[in-house]
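Here is the structure we will look at, set down as structure tokens.
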Amino acid sequence: MKTIVDEVTTLRRHLDAHHLGKYHNWAKGAKFISKLPSNVRRWKAATEEVMCTLDRDLKERQPLERVVPYSAQAFRRLSIEWLVATDQPIQSFQHPMFIAMLNMALCTTNGLHILGRKVTRTELMNTFRNHLVKLKAIFAVSC
């Protein structure tokens, strides 16, 4: 005795295995797109093949960093926020090195590239090492 199953996937597998020719004739006459598992696998394989060739040729664009236009009010606000966030003394705005850094930053046309922590640490260590070498050369006593 055969049992009747009401699940679509089971019926599709049955049609795919036992009534493939009749189903294709009916689908063609009814202008119906076949949803049989073998046909779906074939379409997915063809689609993946097309997608693989597209993926190989396409490259993801990196978004450009947007440079915010300068305004005195925005600079003033960001300066105060930086002062508070980094717990700097108020006098740091008048420090000659801070002013020199800002003057250098004003000359850029494509925005600033801020160093990361690792690079900053390496630069500090190299500067300190070079300073020690210079001091050693100054205090070197020849016998």
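For the reader, a short list of remarks on this structure follows.
- Of all residues in the stretch 93-124, those satisfying the criterion of being within 26 Å of the chain's Cα centre (by Cα) and not in a helix (DSSP H, G or I) are T108, T109, N110, G111, L112, H113, I114, L115, G116.
- Within the stretch 132-143, the set of residues being open to solvent by 100 Å² or more (accessible area, probe 1.4 Å) and either at pLDDT 85 or above or under 24 Å from E65 (Cα atoms) (or both) comprises K134, K136, I138, F139.
- Residues that are farther than 17 Å from L11 by Cα, at pLDDT 80 or above and open to solvent by 90 Å² or more (accessible area, probe 1.4 Å) were ranked within the stretch 27-51; the one that is nearest to the chain's Cα centre (by Cα) is K44.
- Any hit, the stretch 80-92, residues being over 20 Å from V68 (Cβ atoms), part of a helix (DSSP H, G or I) and either of a type outside the set (A, V, I, L, M) or within 27 Å of the chain's Cα centre (by Cα) (or both): yes
- For the residues I114, I99, the requirement of being modelled with pLDDT under 90, loosely packed, with under 10 Cβ neighbours inside 10 Å and not polar (S, T, N, Q) singles out I114.
- Here E123 does not fit the description of being modelled with pLDDT under 75, open to solvent by 90 Å² or more (accessible area, probe 1.4 Å) and at negative phi.
- Long-range neighbours under 9 Å by Cβ, at least six apart or interchain, first residue free of Cβ contacts under 8 Å to residues at least 60 places away in the same chain and under 15 Å from I99 (Cα atoms) within the stretch 69-83, second open to solvent by 90 Å² or more (accessible area, probe 1.4 Å) and part of a helix (DSSP H, G or I): L83/I90
The values are calculated or read from the model by the stated rules, or taken from the named source; none is laboratory data. Bear in mind that the values here come from a model prediction, so they are computed numbers and not experimental data. When we count neighbours, we look across all protein chains shown, and the Cβ atoms used for this are built from the backbone with ideal geometry, even at glycine. For the accessible areas, the whole protein counts, side chains as well, though only heavy atoms, and no ligand, DNA or RNA atoms are used. Shrake-Rupley method; radii C 1.70, N 1.55, O 1.52, S 1.80 Å.
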